[in-house]
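Taking it in order: structure first as C-alpha cells, then the write-up.
Please treat every number below as a calculation from the coordinates, not as lab data. Remember, predicted model here, so these are calculated numbers, not experimental data. Please note: Cβ atoms are built from the backbone with ideal geometry, for glycine as well, and neighbour counts cover all protein chains shown.
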Amino acid sequence: MLGVRVRPRNGDALSRLRRTAAVCWLLLAALSAASAVAGWQNNQQPDAQDFQITVADENGVAVPSALLTLTDRSNSFVQKAETDYAGRYRFSVLATGVYSLRVEKDGFFVFNSNDVWVGEGSNLEVTLNHTQEYAESVNVVYSPPAIDPQKTAVTATLSREDIIDLPFNVGRDIRYALPLLPGVLQDADGQLHVAGANTYQIADQLDGFNVSDPATGLFNVRTSVDSLQSAEVESGRYSAEYGKGSGGVVSLRTLMGDDHFRFLATDFIPAIQQFGGLHFKTWTPRFTFSGPIRKNKAWFMNAADGEYDLNLIRDLPPGANQGSAWRVSNLSKAQVNLTSSNILTASLLVNDYRSDHLGLSVFTPLPTTLDQRDAARLLMLKDQQLFPGGTLLEVGAALGAYHDSLFPLGSSPYVNRAGQFSGNYF
C-alpha cells in the first residue's frame, strides 16, 4: 500500500512570518541604538561655528576699537566685543542660525543688520561711513561705567561733531577746544598741559607723526579745524608707541576725501574797525576741498586757513600805534589703495607766521618791539599693510623743517626806567 504524507501549507507561512518578525525586531533595535548614539554625540558636540567680522571705512581703512553687539533671534544670547588694530574680531562657538549685528564707533554712522547668517565658513565685511552730515541725538539711558582691565590709559576724545558744535574761545584753533576735556589746562600763551605736566613733556601728534617743535617742545603747528576727524588726549600708562611724551599725548586725526566732491568755506567776511580811518581788524577765512582722484581707488583732501589781526593802540601817536600779525596754514593729503590690503597715504603741512611790532603797548613803544617770523614744513608718508591672519604693519616716515626768529628794530641799548622802556630789545 502506497501512502503519501502532505504537510499543510499554512504551517510554512506561519514559520516564515515568525522569522520575518524577528528580523524586523532586530532592525528596529539596531536603528534605535544608532539614534541614541547619534543623539548622545550631538549632545556632546553641539553644532558650533566661528564667525569673523571685518570692519573698514568707506576708503577701505581698517577701523579699530569698533564696538560689536551680536544677538540671536530670541534675544537670549548677547555677545559684545571690540575690533583689533586690523578691524577684525572672531566670535567663537556660535550656533548656526540668523543673528542681529550692531557696529558702532564715535565719528561713524551706526551699522545695523537683523539678518546676519552664521554658518560653516561664513564671514562678514562691514563698511562704516564717516559722519559727514550734521546729526544730533539725545541718549537718556544711563549705563554704569565699566572698568576695562585691558585698557590702562586714561583717554578722552573730541569727535568731529564736538569740534564743530561745542563753543570755545578761539574757534579756529583746536588748542582752545582741548581744555573742554578733563585733565587738560591751557596757559596764557595758549599752550596745553595734560595731567599737570609741562608743555614740553607732552607728545603732540598729527596723524601719528610728532609735530612738537624740536627746539622748544611747544605745540605751535596749526591746521584748520575743518580738516580734523577727531582730537584725543591720553594720560596714564599709554602705549609705548608714543615715545617721549612723559606727561601725556595729544593726538589729532585728520579727514580724507571720499567718492564725492565736498566744499566748505567759512568766515570769508573780515571784521572792520574805524579808528584813524577804516581798517581790517580781524580776518580768519577757512576753505576745505576734498573728493576722488579715482573713484574707489584714490582720494585727496586740502584744507587751508588764514588769520589776520591788527593791533591799534589809542594812546600812542599815529604812525607808531599799530602792529599786525598774519598766519596761514595748508594741509594737503592724498590716499591710494594700492591693493585691498595695502594703503599708502601722503601729507604735506605748511605753516607760516609773521608778526610786526610784537608786544606793542602803551608801556612798550614801537622801537622796543620785535618782528617775529615762524615757519614749519612737514612732509609725511605712511604705508599700511594688512597680512592674512589680521596682522597690521604700519610704516611711516616724515621730514620736518622748523624756523623761529625774532628781530629787534635797531641796535640802541634797551633801557627800563621804572616800567618805561626805550631803546631796542634785546
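Side notes on the structure shown:
- Mean separation of Cα contacts under 8 Å (6+ apart) over length of the stretch 153-253, as relative contact order %: 35
- Test item: Cα-centred dipole of the stretch 153-253, Lys/Arg +1 and Asp/Glu -1 on Cβ, debye: 140
- Whole-Hz Karplus values for the stretch 229-236 come out as 8, 6, 9, 10, 10, 10, 9, x Hz, taken residue by residue from phi with 6.51 cos²θ - 1.76 cosθ + 1.60 and θ = phi - 60°; glycine and proline positions read x.
- Given in Å, the Rg to one decimal and the Dmax to the nearest whole number for the Cα atoms of the stretch 339-426 are 23.8, 73.
- In the stretch 262-422, one over the average inverse separation of all distinct C-alpha pairs is 19.6 Å, which is the Kirkwood hydrodynamic radius.
- Global form of the stretch 202-290, assessed from the alpha-carbon gyration tensor, a/c cut-off 1.5: oblate
- For the stretch 270-284 and the stretch 107-126, distance of Cα centres in Å: 56
- For PHE108, residues with placed amide H under 5 Å, excluding near neighbours: THR131
- For GLN229, the residues 5 or more places off, or on other chains, whose built amide H falls under 5 Å of its own are ARG253, THR254, LEU255.
- The stretch 208-261 - percent relative contact order, Cα under 8 Å, separation 6 or more: 35
- Per-residue HN-Hα couplings for the stretch 294-309 [Karplus 6.51, -1.76, 1.60; θ = phi - 60°; Hz; x = Gly/Pro]: 8, 4, 6, 9, 8, 9, 9, 8, 10, 10, 10, 8, x, 8, 10, 9
- Entries in LYS297/LYS333; LYS295/LYS333; LYS80/LYS382; LYS80/LYS295; LYS80/LYS297 that, when Cα-Cα distance is taken, lie over 26 Å: LYS80/LYS382; LYS80/LYS295; LYS80/LYS297
- Computed on the Cα atoms alone, the convex hull of the stretch 153-253 gives a volume of 89 cubic angstrom per residue.
- The stretch 48-128 has equivalent-ellipsoid semi-axes of 21, 13, 11 Å, by the square roots of 5 times the alpha carbon gyration tensor eigenvalues, sorted largest first.
- Among GLN372, SER341, GLY306 - extreme Cα towards positive end, dipole of the stretch 262-422, charges at beta-carbon: SER341
- Nonlocal amide H pairs with GLY248, under 5 Å, H built at 1.01 Å: ALA203
- Inter-part distance where the stretch 315-339 and the stretch 152-226 are each reduced to a Cα centre, Å: 18
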